[in-house]
1. Using only the Cα atoms of segment 307-420, what do you get for the radius of gyration and for Dmax, in Å?
2. As a footprinting exposure proxy, order 83, 182 by other Cβ within 10 Å, with the fewest listed first.
3. How high is the relative contact order of segment 426-500, in percent, with contacts defined as C-alpha pairs under 8 Å that are six or more residues apart?
4. Rounded to the nearest angstrom and ordered from largest down, what semi-axes does the equivalent ellipsoid of segment 413-513 get from its C-alpha gyration tensor (root of 5λ)?
5. Sticking with the crude label model, points 7 Å out along Cα→Cβ, report the distance from residue 66 to residue 424 in nm, one decimal please.
6. Enter the angle in degrees (range 0 to 90, nearest 10) between the Cα long axis of helix 269-286 and the first principal axis of the Cα atoms of the chain, meaning the one along which they spread out most.
7. Please tell me the relative contact order of segment 1-81 in percent, rounded to the nearest whole number, where contacts are Cα pairs under 8 Å and at least six residues apart.
8. Using packing as a proxy for protection, rank 17-28, 54-65 so that the peptide with the highest average count of other Cβ atoms within 10 Å comes first.
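Readers should treat all values here as calculations from the given coordinates under stated rules, not as data from a laboratory. Everything numeric here is computed off the predicted structure, so don't read it as measured data. Note: ideal-geometry Cβ built from the backbone for every residue, glycine included; neighbour counts use all protein chains shown.
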């Protein structure tokens, strides 16, 4: 039987619509533009229902389709068209590859290979699990990578528990499971498809600032990968230090992971095909558009096409993903690497959630609510950019502990875009740190799916998660603030304190890096 709604859901179901209705009937944010108040009421309703989960999150995401036309914010056809776009296809293509990896067990082979290399001392076992999860989470969902690695970690703990003191075994178990969950979230930061907030950012930027340079897969990767790699290394060191893990060899066979890997047998034809196509996909994403490196321009392969500007990362994802349906399986005659039954595992609820966030951003822009927020926030123009970014990161990090990181991102990014224009700074300077911060909630089980899976393992208490997670939250904030100023200014052409021309121009065609 389905669970009865909890107190938070029941309160959200009635109090949030009541608050939105009061704002709609009695609020007057801008006397000259009544649609500003109407849009604020819709945003309040969506944010409130997303936070309380009064109704399923994907269902809340459909509110713009119902309310925008009725309230005169945006017509039905325009609202509907915001729900599906090239970034949705980037997500679908990436997810099809994730499903095919899981179908043919390639993800497990990759993880065991990494664990074989790193050995069986306690810090190295932790590093092996974290490195495996971190790498996998760049390409498959954080939830899927955690779901795969946690049972493996629990199985590995059994021989350790037999030979270690009870307290030492428990500490190792806690950091091993937490390390998997944390590295899944950190790995997702590194790529545009790694976690839903990253794709939301790219599309919301495109909606609010049509003239903004495209943030391609390669642009994001070059900026976010160093941040993510440094963070996962620091997280590993912090977990080792706080858990007082001993560096010496552990009392288990040094060939433990070798045996597990050997038991899988030789690499199958399907795994080789998927691995090869996956490399083609990464190459296609990384080198599609021209890339600026150390003052030199590496021409993108799309230049070979008649109309390079017509191809985007979503095109590449679908072209390569379609090959999965064409290449036959050797071990299962009559089947392909992927069939539609397997493809139906795509998270369509997340697709709707994306769409709801895109529609919300469009509503902010069309109604004038973005301008209204900008006027209210103009007083912050004297605050140094580094302080603004720090406050944004802290707010999003700790807000996401209690709410969906996706919902938080989609509500906050349009407001931050307006704030950036109001204080005359580059919108990327606020929007990108906010997006990354949404992946840095490590303190509570409800904050992210990886946290929830880790807590569900039975090895973790909430006090453990809060003890390790609070410190990592603060480290994440510091790291994101540092890298946006150190790396972002170069890789993404961000100029703190300068409003770029594209941010003050609406309606022109997007540029390309």
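1. Final numbers for Rg and Dmax: 21.2, 68 Å.
2. If I rank by nearby Cβ atoms, fewest first, I get 83, 182.
3. 41 percent
4. Numbers: eigenvalues 248, 40, 25 Å².
Semi-axis lengths for segment 413-513 are 35, 14, 11 Å.
5. A separation of 4.4 nm, rounded to one decimal place.
6. 40 degrees
7. 30 percent.
8. For the peptides 17-28, 54-65, the packing ranking is 54-65, 17-28.
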